[in-house]
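A.B. asks: Pasting in a structure now, in structure tokens, and then I'll have a few things to ask.
The values are calculated or read from the model by the stated rules, or taken from the named source; none is laboratory data. Computed from a predicted structure; not experimentally measured. Reconstructed Cβ throughout: ideal geometry from the backbone, glycine too, with neighbour counts over all protein chains shown. Note: accessible area is taken over every heavy atom of the protein model, side chains too, but ligands, DNA and RNA are not part of it. Shrake-Rupley method; radii C 1.70, N 1.55, O 1.52, S 1.80 Å.
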Amino acid sequence: MNKARVYQMYRTLAQPAPLFGALTIVAFWIGLAYLLSAERTKAIRCRDPRRKRMVRLIDDHAAQLI
């Protein structure tokens, strides 16, 4: 690409609309990562201590079926 084409592309991308769109997408992904992290932390904190026993029961039941 020649310098004029690069400069034109830079001027096009430096307009407010593309910058706002890019910032909106970045903000969306940051917010999603934060929410998923919070949900994961909450799920780990509130997990049922009896889950190992439940998994063992399901595993034994599946083994009996086979």
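A.B. asks: Return the residues of segment 36-57 that are surrounded by 10 or more Cβ atoms within 10 Å (Cβ to Cβ) and either at positive phi or among the β-branched types (Val, Ile, Thr) (or both); say none if nothing qualifies.
C.D. replies: Selection gives Thr41, Val55.
A.B. asks: Would you check which residues across segment 10-21 are open to solvent by less than 80 Å² (accessible area, probe 1.4 Å) and out of contact with any helix residue (DSSP H, G or I) (no Cβ under 9 Å at 6 or more places or on another chain) and list them?
C.D. replies: Ala14, Ala17, Gly21
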